[in-house]
1. Rounded to the nearest 0.05, what FRET efficiency do B:LYS146 and A:LYS308 have when you use their Cβ-Cβ distance and R0 = 60 Å?
2. With each pseudo-label sitting 7 Å past Cα toward Cβ, what's the A:LYS79-B:ASP58 distance in nm, one decimal?
3. Say the dipole of segment A:389-468 comes from +1 at the beta carbon of Lys and Arg and -1 at that of Asp and Glu; which of A:SER402, A:LEU447, A:GLY425 then lies farthest toward its positive end?
4. What is the spin-label model distance, in nm, from A:ILE253 to B:ILE36 if the labels are put 7 Å beyond Cα along the C-beta direction?
5. Peptide A:359-368: average number of partner chain Cβ atoms within 10 Å per residue?
6. Counting only other chains, and only Cβ atoms inside 10 Å, what mean value do you get across the residues of A:312-319?
7. To the nearest 20 Debye, how big is the dipole of segment A:3-296 about its Cα centre, given +1 on the beta carbon of each Lys and Arg and -1 on that of each Asp and Glu?
8. Taking 0.36 nm per residue of sequence separation and subtracting the Cα-Cα distance, how much length would be gained by fully extending the chain between A:GLU382 and A:TRP199, in nm to one decimal?
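Values quoted throughout were computed directly from the atomic coordinates according to the rules given, and no laboratory measurement underlies them. Remember, predicted model here, so these are calculated numbers, not experimental data. Because the Cβ atoms are built from the backbone with ideal geometry, glycine has one as well, and the counts that use them run over all protein chains shown.
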Amino acid sequence: MSKYHYIILLLALFFNSELNAQSDSYTVVPTSFSSRICDEFSPVFYNGGIVFCSNERDNSLVGYKDEQNRLFKIFFVTKKGSNGWNHPKILAKEITSAFNDGPATFNEIGNIMYYSRNNSIENSMRNITDTTNKLGIYSAELIDGKWTNIKPFTYNNPLYSFCTPALTPDGERIYFSSDMPGGYGGMDLYYCDIHNNSWDKPVNLGPLINTNKNESFPFACKYGKLYFASDGLKGLGGKDLFYTQQLNEEWIIPVHLDSAINSNADDFGIVVDSTLENGYFSTNRLKTDDIFSFKSAPIEFATCDSMKENNYCFTFYDEKQQLLDTVKAIYQWTFGDGIIHVGKEVRHCFPGPGKYSVSLTIIDELTGDTIAKRVEYKAELENINQPYISSDKVGKVDKSMSFKGVTSDLKGIRITDFFWDFGDGFKQGGQSINYSFKKRGEYTVKLGLLSEKDSLGIVSKRCVIKKIKIN
Amino acid sequence: MIISFILIGRIALFSQSAPAVDENVPYLITFGGNAITSWGDDDFCQVFYCIVPPSQTDPVYIRVYDPDTGGDLDELKGEFNTIVNFSIYGGNDCWSDTTAQGLNKTGNFKSGYLLSSKSFGVDPKYDKKWYTFGPFNPSEGKYVDKLGGRVFKIIALGISGDDGNIYKYFLSTSPVENVPVEGGNWFTYEYHFRFSDDQKHVCQIYPFVDDKTISIQISNFDWDDDGTIRIFSVAKNGIFCDVSGEDNWIVREFQIVAEEKNSTIEIQFTKNQNVQVRNNNVVIVVRNQYGISMPFYVVPIGGVPVYSPKIRMK
């Protein structure tokens, strides 16, 4: 496959454009290892440095070069001092082909790599007019410092492209882009979960994410957030970066990233660190594809509400009951759980929100006759319209506690971002998060939430606090 | 108007005996005029009204079971010496005269046009047998729109003697058997009846509460502490009513809530489970907040009231 066709697959929709004015939320700058002549894109963190794709010439390669010398290889760049970068080098010759390689993705400990490349890498296949040499996903294992055991992804198909793989941090899922049949048009995003060391069948992310154009360059970060690029979703032009995540087992509507990151050029191939505040992304806003770094401004929540506990326990009574002790009536209550509660006033705790049917039968104690038979009362319990921090109230020093932000009770807004404050300011996190307190005492845990933009483009903020005691 | 509507709606009913089967009241009772009230009759006079619906154009008969005072059904005091007179009244004033709707038996309670009358003493011919008054052309009764038919009045008056005459009525289309008048009913303003000797006995009577009522006073006479009296309605689930002792009245007031207006309430009588009281006769009266007596229908208007709890959660 020639440089030309590779660009069609991955970059054809990228156009240079005017740089958008930076917003207050993010600061973006080009990285120093990104050249203005060659193309660099799809950075990922690896071994303290960054692995990315580039068509920079590397004389160490004995490879085929097309007429424009635009074949892409997987490069690795390491830090130099606190702010600088060393000169990028080919990541590993053993996984470098004479065709296009990359982008790549690594597991958390860095000994497993999945990457894209052309399926046929025999020199005899080199033909720049050959469009049949599709991209496939391959895995490699780092053993004794060498990437070996290179295997094609289970679902590679020589008729279609499978590219831009992205492993989740736990390695249990891989996202990728493909134009295989069954999608919504162009390149679609899919994922496979791993079970017993084998990947399940690909699952399309669905029409909320995929469009009839191209969705690709996924990046799965900590806390379940999935970043990706699309030129089909509404954006600023060209490819724009979005994120989504599965909340309550459903994908949220993709959130368009800040205008400092997105531009009317092509913006794609993003990676963020574990704080979700810093990272790198790819853009051709300066003509060639470059890797920019970004840093987000700390978010603040002006007011946080004390969380109210939901109550599912109620006392049931007959309002007409005259409350005279002399009334010889036996009140029998049922709450759908098969237990009969007896008493003119009974207290019952329901398992949670929902619709319940309460039934009352009144028996005449003197005659045994039924005064009222199975009189029904419909009770509908709803949780308080608030975000809710689900966690233990008491923990122990240095013992990890699990916190979950429950948003299902929020009516009318869709949550897109979770921020947690355990006493040191809000930091972006996932819907669920673990935290260990280092000292005994009483802590105030805050959960801040951002919603998707409303019709006026306004993002709502909600914040709740919960007291936690650490023994 | 509401009452008539309800009555018309219940036109298919066939309980024309008084007391009615559903009341489970064994018999009515009237003592001779020389009896003492402590035996369970405050005035030795019982006034009942029967309603003949407009659809009934053929003659009707008012039949009395065991009209004499003698035999083993009636209550003997010494030797039977009692005469009780049964009189049937029709015409315009038989019901509409305010005295007729009152409880005082010294005024013009015999208002209306006397249609038939007969006095009974000790007469085995009528012991545990039916005596038939009539025929009466329904048009001889007073048509009362709010009652949904023509009204006849029957007064059982203890003329002399001191025994208790125990009897019951039937509104019939036949002079020789009890053939109910479809849609007919009976009512009274002062219910004198004989309670069962069976300790498991439960009976109930049904006063109707109109839309002007905000409270009722239930008065019972000579209950002899024979068990309990309770009130049931759509809003009352067996509230105890005070019971009278020997030869006295006791009055208890109950508030009427909105949903009880224009409905029947039930006064239930339960026998004393611990001590057997025999030959207990009782008088029941219900008055509204103005002291106006309220009718007991033997067939409850709107049906037997069923308590409808209002479940709430807090």
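1. E between B:LYS146 and A:LYS308, to the nearest 0.05, is 0.60.
2. Using points 7 Å along Cα→Cβ, the separation is 11.2 nm.
3. A:SER402
4. In this crude label model, A:ILE253 to B:ILE36 measures out at 9.2 nm.
5. Across A:359-368, the average partner-chain Cβ count within 10 Å equals 3.
6. Counting Cβ atoms of other protein chains within 10 Å of each residue's Cβ and averaging gives 4.
7. Rounded to the nearest 20 debye, it is 680 debye.
8. Full extension from A:GLU382 to A:TRP199 adds 61.9 nm.
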